[in-house]
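> Right, I'll just put the structure down here and ask away after.
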Amino acid sequence: MAAAMNKLTFPQFPAVELVNFFRQNILTGAEAKNFTKNDLYPNPKPDVVQKLFMRVLQKVYNVGIEQFYMVPMGLDVQYPHLMEGFAPVAYIVKYMARFLPMCLIYDFHPSDILNPKGKRTLYLLSGMVNFLHFRDTRKGVYLTFCLNYKSVLDNISQLQKTNQELEAKIEKLSTVPPEQQAEFKTLSSEIDDLQQSISQEYRAKDLALQEKIAHEKNDLAEKMKKLNQHKLAIATMKEEQEWMKSQVVESPEQRKNKTERMKENVHRLKQARQETSEKCDHYRERVTMAGLWQSDVQAYNKKLQSIETNLEIYRKILEETRQKEEQIVNENLEVKSIANEETHLKRMIQIKKEKLAKMDIKNQKKLEDFVQRKNEILEICSHIQEKRQAVHGRVSNVLQEIQQTSNKKEQLLQAAEEDEKKYQDVTTVFKNTLEKYHDSLLKVSDRSAVRRKEKVAELNRRLKRR
């Protein structure tokens, strides 16, 4: 068997197809982006090959990445931290020794991981990719089977219901109701008695008639044979007589003797013929007697036909019951096969439940770690919240100061506007007085007017400056 398995092969994939497959289906994130053809061929990198093997084993055996870095606690080692770097390689070698025979690769060696070669690595990865494709197809078939499991259970329940209904019908057909049991018993006993009496009488008469007819047929056949023999003898004797006449002259005495013999033979033949005619008349009389019995025989035949129809109905019922029993047996076999499949599926479900329980334990552990990390983050957030509240207090104080300054600014602006209005009123009054003074100065001499104008200009400039 092992020799036959060794002859089986799988397709060899080029490096480009392997890189695309691992990027799309196995690796994720930065690992998929940084993975290139040069990492595999012609000089594969050991760390990349180990990473690929580890990811494939995680997918196949559903193993967490932390398990590859766990040092066994049962080992009595003085310096266990020295084994932490070797633990992933040891676990990869252990799982690969179990996994590669399923991929039809039986010559795995640890050097394939520690010191990988280009063609050898492509060969190993091709076998693993072939197994993953096969695993995906089988997984799809199993999922369809699981989806059809409920419909099969429904069919089983329906078949069981139909079985129960058919069994009830068979019981109903096979059992006679209590109202008709007495009539059924009387009819069955009468039918049996009639069958026995008719069969006995008919058989006796039939046997007697058949024996007589056979005996008479035999006698008739024998007599017909004798008659034919006599006819042949007469014909031969006539031929001899004519031949003798032509050859020899007969004496009258011999001729008389021959004629007497011939007369005796003819008399015997006549007697035999008369006997046969008498026997034929006797047989005719018997046939007429049989015609007289024919009405009775026909009545008996009708009764037998009615009995045969009843028997035929009974046989049909028995045949239907037999078919129903066979159908029930076949359905029971189907139910047993479905029950076996159900037990198999229950086992598979139990295994899946155990795996789910393990996964729940792992998830619980991860959840505890997550809760612990969450608590740490919440503590950090509480510190940040306290700092934020302190900063918020400072900001509120600053905003209050800004509000106070803005209020002071508005007050100052209002005071400045009031002052400006006052200055504008003063300037208008001053302009009016200047205009009046200017009109009065026009009447004075030119020199004094020029001086006054200059003074007025200076006053205007000062006012503007203010």
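The values are calculated or read from the model by the stated rules, or taken from the named source; none is laboratory data. All figures in this text were calculated on a predicted structure; none of them were measured in a lab. Positions of Cβ are backbone-derived with ideal geometry, glycine not excepted, and every protein chain shown enters the neighbour counts. Please note that ligands, DNA and RNA were not included when accessible areas were found on the heavy atoms of the full protein model with its side chains. Shrake-Rupley method; radii C 1.70, N 1.55, O 1.52, S 1.80 Å.
> With the structure loaded, tell me whether Asp192 is within 59 Å of the chain's Cα centre (by Cα) and surrounded by 11 or more Cβ atoms within 10 Å (Cβ to Cβ) or whether it fails that test.
yes
> Under 6 Å between Cβ atoms, at least 6 apart or on separate chains: pull out the pairs that start in segment 159-177 with a residue that is assigned to a helix (DSSP H, G or I) and end on any residue that is open to solvent by 50 Å² or more (accessible area, probe 1.4 Å).
Partner pairs satisfying both residue conditions: Leu166/Lys324; Ile170/Lys324.
> I'd like to check something: does segment 350-361 contain any residue that is open to solvent by less than 70 Å² (accessible area, probe 1.4 Å) and within 30 Å of Lys139 (Cβ to Cβ)?
Taking every residue of segment 350-361 in turn, at least one turns out to be open to solvent by less than 70 Å² (accessible area, probe 1.4 Å) and within 30 Å of Lys139 (Cβ to Cβ).
> Let me ask something else about it. Pull up segment 195-212, narrow it to residues that are hydrophobic (A, V, I, L, M, F, W, C) and exposed (fewer than 12 other Cβ atoms within 10 Å of the Cβ), then point me to the one that is nearest to Lys302 (Cα to Cα).
Only one residue tops the list, namely Ala204.
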